[in-house]
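Comments concern the structure below.
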């Protein structure tokens with residue numbers, strides 16, 4: 001086997017990117033043990049990928065670093081000075097308010113205040129829809145009765161029925 005042609009085929013790069021089939025991957029792992037040159041080429045390809053990523057990578061905004069560091073400090077409780085100038089517009093979310101519920105089986109359930117408000121709004125909406133449905137159903141029955149009365153001719157003096 002010509003190992004230089006195998007290396008130039010691009011199999012190592014496809015392997016590192018996870019684009020090889022299981023058969024190709026098994027073959028490469030087997031050849032890796034036989035040919036030490038493959039091990040060197042895999043390491044070199046990894047370094048080339050890393051260098052390319054470093055060259056083309058985009059750094060996040062500097063303000064993001066201070067925001068992340070402050071959130072970490074809030075979580076750990078340490079009071080350290082932030083690095084650099086802090087001029088970002090920080091949007092801190094206050095800690096959510098929870099309501100402790102103790103159902104009949106004596107287990108504790110923590111429910112956010114916002115979920116409770118959403119549930120109450122959903123119940124009110126459901127009740128309003130039920131009431132409007134009931135109202136429009138009865139109104140439709142009334143209108144149907146009126147239509148039936150309009151279609152039936154009115155008889156002033158009906159003749160007595162004869163048997």
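Values in this text are rule-based calculations from the coordinates and carry no lab data. Just so we're clear, the structure is a prediction, and the values are computed from it rather than from any experiment. Glycine also receives a Cβ, built like all others from the backbone with ideal geometry; neighbour counts cover every protein chain displayed.
Observations, loosely collected:
- The protection proxy used here, the mean number of other Cβ atoms lying within 10 Å of each residue, ranks peptides 27-35, 123-131 as follows, highest first: 27-35, 123-131.
- Taking the square roots of five times each eigenvalue of the Cα gyration tensor of segment 3-56, the equivalent ellipsoid has semi-axes of 20, 13, 9 Å, listed largest first.
- Subtracting the Cα-Cα distance of residue 111 and residue 5 from their residue separation scaled by 0.36 nm leaves 31.8 nm.
- Footprinting exposure proxy for 62, 137, 6 (fewest neighbouring C-beta atoms within 10 Å first): 137, 62, 6
- Extension gain, residue 56 to residue 34, is 4.4 nm, computed as 0.36 nm per intervening residue step minus the present C-alpha separation.
- Counted by neighbouring Cβ atoms within 10 Å, the residues 146, 111 run from fewest to most as 146, 111.
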